[in-house]
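The values are calculated or read from the model by the stated rules, or taken from the named source; none is laboratory data. Predicted, not measured: the structure shown is a model, and the values here were computed from it. Because the Cβ atoms are built from the backbone with ideal geometry, glycine has one as well, and the counts that use them run over all protein chains shown.
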Amino acid sequence: MLAVLSVELRKLNRSLAPVLVLAGPGLVALLTFFIVLNGRRATPWDRLMEGVSGVWAVFLLPMSVTALTALVAQIEHGPRAWDHLRALPVPRWRFYAAKAICAVALVVIMTALTLLLGWASAAAAITLKPAVAPPAALDLSKLLLLNGKVVIAALLLIAIQLWTALRFSSFVPALALGIGGTFFSVMATRAKAGVFSPWQMPFNMFSPEAWRVDTALALALGGGLGAMALVAVVLHLARREVL
Amino acid sequence: MPAAIETEGLTRSFDAFLAVDGVSMTVPERAVYGFLGRNGAGKTTTLKMVLGLLRPTAGAVRIHGLDVARERIAAARKIGALLEAHGFYANLTGAQNLSLTATLLGVPATEVDRVLEVVEMRADAGRRVGGYSLGMRQRLGLARAMLGAPPVLVLDEPTNGLDPDGIADMRQFLKRLPERAGATVLLSSHLLGEIEQIASHVGVVSDGRLVLEGELSRLKAGLAPEILLRTDDDRRAAGLLAQHAPAPVATEAGLVVALRPGADPDQSAATLNRALVQAGLAVFAIGPRARSLEDIYRQVTVSDQRQPQIEAA
């Protein structure tokens, strides 16, 4: 499995994945910088960073997952490499598992980068405008716990997007699904049915309504829905024929 | 000779379309087996089942006795493949592409240099594959198929995109492969002339069915002999010869007279020559006509109503 993972990483390293990993968190950081700089009064670090994570979870995370899974899949679809890979004496599930692991790992890295760049851009704005300096210190463990839940809640979304991107050789179905899912989750954040929307589950972690958080957590964490979906994706893709 | 590849009643349908129909093929060890058929005849589907990429609707494939359906990984260890879709990563160099496959196969990195040397690609190995010509990609594909020195090579249209020099090099290379590396080569092509120069064995597939298989030299020897002749009046000659043999066929090269199986071509040529000269015709040339793979192909696919799209290169 390590050999397959290392090959996957080498391919990603030579692709536009590093640019994509920086793009989403970079946009959040840029937005944070101007929000803090234009602020009229000081905001506590906890609220500031919760805002950073919220912007990431509601829009940029699902969109980044859409782009990232499409990229991971197109690395093979583009040059029609599946026949070569699937003819090798390697269990086929490993190719798909490596892609799933890389996709999840990149989402973790992007979430961490969002926090890091968000904090750095806020600190830079505060340096330029000391009047908006937060009065209290940041509760890092609370922030990390919250973002950990966001990533776990995003597993189902990653599984669905990854399956669509790998199943169809064109990037259009995966892109349409990702854009559509994100659109509805942004436009209907308060809709009751939204609690079951995979694209909305990460943002549900920020809801003031406890039942939303609990339901999303019960599905994603307690039910292990996302992890099970990822396993199902890997098994299904490994078994199906690529015509 | 034991079989390197053996298929038994191999069948594959796509919904109502029967792409491969009960193909039972035997590729002997150390043979260069030319798998012939026009586009859409079922060659690639058969090769994909040999590689375990498609599941047969019925039948089985064995590689050195290993059932591909039950022991795919063990069977795949014995095969290197060059497929029509090369699957190279255009943003990586030739050497990097090979290195990825070498890692997946678990073979040492020195293998990459070895196979690059074999296909004479070392000078271009540091360039991105995106800038390669189709011929270079074919050679790189062949190098990748040879990583780990598998005993069986499955090559789908290996001369595609090669220039005349490249085709000649590839021909020599493939011809010597069984002797040099002890490998068995199964190659599909629609170029009869190329297969004729490379292959020791052939299999012809038509409409998904294997209509002919065997050692090429034996198949050629089994054909009824023919006499080719040129005269100063071919039309009169044709009328005259019809009394001695089945009706001659006019070709660009001259009149072709098909003899009965087992007939002695030299004696027949002498008889025909005598008859023509006695009738006052000037005979410019007369002699046995060499039989080709194309003759065999035409004979076995004659029942096919469609015009074959095969090229006699």
How about the stretch B:1-83: which strands (runs of 3 or more DSSP E) wholly inside it have at least 2 residues that are surrounded by fewer than 22 Cβ atoms within 10 Å (Cβ to Cβ) and away from chain A (no Cβ under 14 Å)? B:3-14, B:17-23, B:26-28, B:58-63
If I filter the stretch A:191-212 down to residues being over 21 Å from the mean Cα position of the chain (by Cα) and assigned to a loop (DSSP other than H, G, I, E, B), which single residue comes out as nearest to A:Lys142 (Cα to Cα)? A:Pro208
Tally up the residues in the stretch A:11-52 that are surrounded by fewer than 16 Cβ atoms within 10 Å (Cβ to Cβ), within 14 Å of another protein chain (Cβ to nearest Cβ) and in a helix (DSSP H, G or I), please. 3
Let me confirm something: among A:Val151, A:Val90, which residue is more than 14 Å from every other protein chain (Cβ to nearest Cβ) and either surrounded by 14 or more Cβ atoms within 10 Å (Cβ to Cβ) or acidic (Asp, Glu) (or both)? A:Val151
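Assess whether A:Ser141 counts as being part of a helix (DSSP H, G or I) and either within 22 Å of A:Thr32 (Cα to Cα) or at pLDDT below 80 (or both).
Working: part of a helix (DSSP H, G or I): yes; either within 22 Å of A:Thr32 (Cα to Cα) or at pLDDT below 80 (or both): yes.
Spelling it out, A:Ser141 is indeed part of a helix (DSSP H, G or I) and either within 22 Å of A:Thr32 (Cα to Cα) or at pLDDT below 80 (or both).
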Starting from residues that are among the polar types (S, T, N, Q) and modelled with pLDDT of 80 or more, keep the ones in the stretch A:199-214 and report whichever is farthest from A:Ile179 (Cα to Cα). A:Asn204
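One line per residue, one yes/no per condition, for (1) within 23 Å of A:Pro79 (Cα to Cα); (2) in contact with a strand residue (DSSP E or B) (Cβ under 8 Å, 6 or more places away or on another chain):
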site	(1), (2)
B:Val107	no, no
B:Glu111	no, no
B:Arg122	yes, no
B:Ala125	yes, yes
B:Arg128	yes, yes
B:Gly135	yes, no
B:Met146	yes, yes
B:Val154	yes, yes
Going through B:Val118, B:Val129 one at a time, which residue ends up being more than 14 Å from chain A (Cβ to nearest Cβ) and in contact with a helix residue (DSSP H, G or I) (Cβ under 9 Å, 6 or more places away or on another chain)? B:Val118
Which of the following residues is of a type outside the set (Lys, Arg) and touching a residue at least 60 places away in the same chain (Cβ under 8 Å): B:Leu92, B:Leu82? B:Leu82
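Does A:Leu175 satisfy the condition of being under 24 Å from A:Leu237 (Cα atoms), at pLDDT below 80 and surrounded by 15 or more Cβ atoms within 10 Å (Cβ to Cβ)? Steps first, answer last, please.
Values: under 24 Å from A:Leu237 (Cα atoms): yes; at pLDDT below 80: no; surrounded by 15 or more Cβ atoms within 10 Å (Cβ to Cβ): yes.
Judged against the criteria, A:Leu175 is not a match.
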Can you tell me which residue in the stretch A:154-169 is farthest from A:Leu235 (Cα to Cα), limited to those that are in contact (Cβ under 8 Å) with a residue 12 or more places away in the chain and surrounded by fewer than 24 Cβ atoms within 10 Å (Cβ to Cβ)? A:Ser169
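If you scan the stretch B:159-199, which residues turn out to be of a type outside the set (A, V, I, L, M), outside any helix (DSSP H, G or I) and out of contact with any Ser or Thr (no Cβ under 8 Å at 6 or more places or on another chain)? Show your work before the answer.
Of the stretch B:159-199, the ones of a type outside the set (A, V, I, L, M) are B:159-161, B:163-166, B:169, B:171-173, B:175-176, B:178-180, B:182, B:184, B:188-190, B:193-194, B:196-197.
With outside any helix (DSSP H, G or I) added as a condition, the list becomes B:159-161, B:163, B:182, B:184, B:188-190.
Result: B:Asn160, B:Asp163, B:Gly182, B:Thr184, B:His190.
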